[in-house]
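Trainee: Please see the structure below; I have some questions.
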């Protein structure tokens, strides 16, 4: 025994696997501590859906849709705990939405409308990814995870509305085999009829690319319903039955104590 104090352990390299796992865990815990209810996010998505269906097919509405999608993404970033309120990403998205509205007002050309539809599609994908990250972080099936999953399902339909809009604006031939590009409301109707595989047949998309997109949308809609939403709803039902069962391991007030999160996640947040 030399009496010298033991040397402190060397810090883990940033590229080590353990260091990467620890950073991911801390980031996940930070998101869980900052997570909020997905009711507002779902509400904004439904407002965007209603505006898409009911708004006139005018160029300015394309800018308004980009603004609404920016608002949904801002809310999703805050709800999932990915970004704090009034953080730089939020202000950037506000600026993008305002610029989109201004551009749609000053220039109503088909190229501008197509560009705005591309921007709306990109924002839709980003919102779905952020919501999916928050749902996964929930760690269990609860009301917020179900709300988030429903929001993503509606976003899938909106994504294809915007993609069909780009094809209608930039394509030389009519979008539909009936000889028309259809209004945005008609394209929304076709998108959700395809997503739910109802297939009324009153509108049929024309062209190889359009048909391929319709097939992809139909497959995504069915696979999403029978996997993500169905599994979440069934697990939520079993979880509630376990809490209400007198022989269950969980106490009835356990859900209130953990704010709807699983005990495993609570151990990660509060060790």
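Please treat every number below as a calculation from the coordinates, not as lab data. Quick caveat: nothing in here was measured; it's all calculated off a predicted structure. Neighbour counts are summed over all protein chains in view; Cβ atoms, including those assigned to glycine, are modelled from backbone coordinates with ideal geometry.
Trainee: Quick one: grab the alpha carbon gyration tensor of region 50-180, order the square roots of its eigenvalues as a ≥ b ≥ c, and give me rounded if a/c is under 1.5, else prolate or oblate depending on whether a/b is larger than b/c. Please list the in-between numbers first.
Mentor: Working: a/c = 2.82, a/b = 1.55, b/c = 1.82.
It comes out oblate by the Cα gyration axes.
Trainee: Calculate, for residue 223 and residue 86, the FRET efficiency according to 1/(1 + (r/R0)^6) with r their C-beta to C-beta distance and R0 35 Å; round to the nearest 0.05. Write out the running numbers ahead of the final one.
Mentor: Values: r = 37 Å, r/R0 = 1.07.
Once rounded, the FRET efficiency stands at 0.40.
Trainee: Can you put 150, 205, 129, 136 in order, fewest other beta carbons within 10 Å first? Intermediate values should be presented prior to the final figure.
Mentor: Numbers: 150 19, 205 22, 129 16, 136 12.
The order, fewest Cβ neighbours first, is 136, 129, 150, 205.
Trainee: Want the number for residue 51 to residue 215: 0.36 nm per residue separation, take away the alpha-carbon distance, what's left?
Mentor: Details: separation 164, 0.36 × 164 = 59.04 nm, distance 2.54 nm.
Computed gain between residue 51 and residue 215 is 56.5 nm.
Trainee: Calculate, in whole percent, how much of the Cα-Cα pair population of region 118-164 lies beyond 13 Å. Don't jump to the answer; show the numbers that get you there.
Mentor: Numbers: 563 of 1081 pairs.
Result for the distance tail: 52 percent.
Trainee: Want the number for residue 37 to residue 105: 0.36 nm per residue separation, take away the alpha-carbon distance, what's left?
Mentor: On the way: separation 68, 0.36 × 68 = 24.48 nm, distance 3.47 nm.
Separation in residues times 0.36 nm, less the Cα-Cα distance, equals 21.0 nm.
Trainee: Among 67, 158, 170, what is the fewest-to-most ranking by other Cβ atoms within 10 Å?
Mentor: On the way: 67 23, 158 27, 170 14.
Taking fewest neighbouring Cβ atoms as first place, the list is 170, 67, 158.
Trainee: I've got another one for you. Kindly put 217, 169 in sequence by how many other C-beta atoms sit within 10 Å of each C-beta, fewest to most.
Mentor: On the way: 217 24, 169 20.
So the ranking, lowest neighbour count to highest, is 169, 217.
Trainee: Relative contact order of region 78-149, please, whole-number percent, based on alpha carbon pairs below 8 angstrom and at least 6 residues apart. Numbers along the way, then the final one.
Mentor: Details: 26 pairs, mean separation 22.0, N = 72.
Once divided by the residue count of region 78-149, the mean separation gives 31 percent.
Trainee: Percent relative contact order of region 40-179, based on C-alpha pairs within less than 8 angstrom and at least six residues apart?
Mentor: Details: 162 pairs, mean separation 40.8, N = 140.
Relative contact order here is 29 percent.
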